[in-house]
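Chemist: First, the structure itself, so that you have it in front of you.
The values are calculated or read from the model by the stated rules, or taken from the named source; none is laboratory data. Keep in mind it's a predicted model, so treat the numbers as computed, not measured. Ideal geometry is used to build each Cβ from the backbone, glycine not excepted, and the neighbour counts take in all protein chains shown. Areas reflect the complete protein model, heavy atoms only, side chains present, ligands, DNA and RNA absent. Shrake-Rupley method; radii C 1.70, N 1.55, O 1.52, S 1.80 Å.
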Amino acid sequence: MSQDFIALLFGDPFAVMNTIGLVAFALVGSSKAIREEFDLFGVTIAGLAMAFAGGATRDLLVTRVPLALQSPIEISLGLLGVGFAIALSVILSSPETHPVTLVSDAIGLAAFTTTGAIVATEAGVSAFGIVAIATINAVGGGAFTDILLDRSPFILFEDFYASCAVLGGSAYWVVGTVGAVESTAAVVCAVVTVVTRLAAVAYDWNLPTVQNSGRLSN
């Protein structure tokens, strides 16, 4: 068990990014549920849903058993993120909007964009498939968690969020196409995703809506 955990932390790019993503997204999902005053079971379910729903969808798209069902380490990492969220809620008054949570969300987005791109590349899908699976892996958990919280997935109507995953997945494909090794492509993908996401938060970037576009043209 300990050897498996060490390999998970210091092994290939997928293992490292997957570890980071699971902890970060479980923290974010649980923080959302805490804000909605869910009980401890609900907080745990929301956190695990955000951590695993995107990856499970990714695995089903490439016809393999979801990793969450293969290893107890995966669930343990998700529960670790839930624990962090509960601890933050004791220390902070608004953990969901605290910089720690916002940065964790950006890091989780970058990590899962990268793992999705790696899995898609190994599955031999097209360039579109790489970007699509990377994006689904990155934002699927958040969308599912929003549904559990009885609200529309925010990636569909506000914020510059899923677009960061699209840019990161595209960067992974471009770097891989020019012949770079997997680890280099993974680093570039993660950096592009996290930098664009943090910039979007800092500068309040949003994609235009149809209504706003219409007002601008008048």
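Chemist: Tell me, what HN-Hα J-couplings in whole Hz come from the Karplus equation 6.51 cos²θ - 1.76 cosθ + 1.60 at θ = phi - 60° for each residue of the range 36-47, using x for Gly and Pro?
Modeler: Whole-Hz 3J(HN,Hα) from phi for the range 36-47: 7, 6, 5, 6, 4, 5, x, 4, 5, 4, 5, x.
Chemist: At 1.4 Å probe size, with the rest of the protein present, what percent of the exposed accessible area of the range 43-92 is carbon and sulfur atoms?
Modeler: Here carbon and sulfur together make up 75 percent of the probe-accessible area.
Chemist: Output the relative contact order of the chain, whole-number percent, from Cα pairs under 8 angstrom with separation of 6+ residues.
Modeler: Normalised by residue count, the contact order of the chain is 22 percent.
Chemist: Each residue of the range 185-191 in order: what ³J(HN,Hα) in whole Hz does its phi give by Karplus 6.51 cos²θ - 1.76 cosθ + 1.60, θ = phi - 60°, with x for Gly and Pro?
Modeler: 4, 5, 5, 4, 4, 5, 5
Chemist: Taking the Cβ-Cβ separation of GLU37 and VAL191 as r and a Förster radius of 30 Å, what is the calculated FRET efficiency to the nearest 0.05?
Modeler: Calculated transfer efficiency: 0.25.
Chemist: If we count chymotrypsin sites (Phe, Trp or Tyr not before Pro) as exposed when they sit in a DSSP loop and have at most 15 other beta carbons within 10 Å, what is the longest stretch of the chain that avoids them all?
Modeler: 1-156
Chemist: Which shape class, rounded, prolate or oblate, goes with the chain when its Cα gyration tensor gives a ≥ b ≥ c as root eigenvalues, a/c under 1.5 marks rounded, and past that a/b bigger than b/c marks prolate?
Modeler: oblate
Chemist: Lys/Arg Cβ at +1, Asp/Glu Cβ at -1, dipole of the chain taken about the Cα centre: which of LEU77, SER104, GLY168 is farthest positive-ward?
Modeler: Working it through, the farthest residue towards the positive pole turns out to be GLY168.
Chemist: For the range 19-149, what is the accessible area per residue in Å², given a 1.4 Å probe and the full set of protein chains?
Modeler: Result: 40 Å² of accessible area for each residue.
Chemist: Here's something else I'd like to know. Go ahead and estimate [θ] at 222 nm for the chain from helices alone: -39,500 (n - 2.57) per DSSP H run with n ≥ 4, summed, over the residue count, rounded to 500.
Modeler: For the chain, the value works out to -26000 deg cm²/dmol.
Chemist: Could you tell me whether the range 58-130 comes out rounded, prolate or oblate from its Cα gyration tensor? Rule is a ≥ b ≥ c as square roots of the eigenvalues, rounded for a/c under 1.5, then prolate if a/b exceeds b/c, otherwise oblate.
Modeler: Verdict is oblate for the range 58-130.
Chemist: Just ALA85, ALA171, ALA199 to compare: in a GNM of the chain, with alpha carbon springs under 10 Å, which one fluctuates most?
Modeler: Top of the fluctuation ranking is ALA199.
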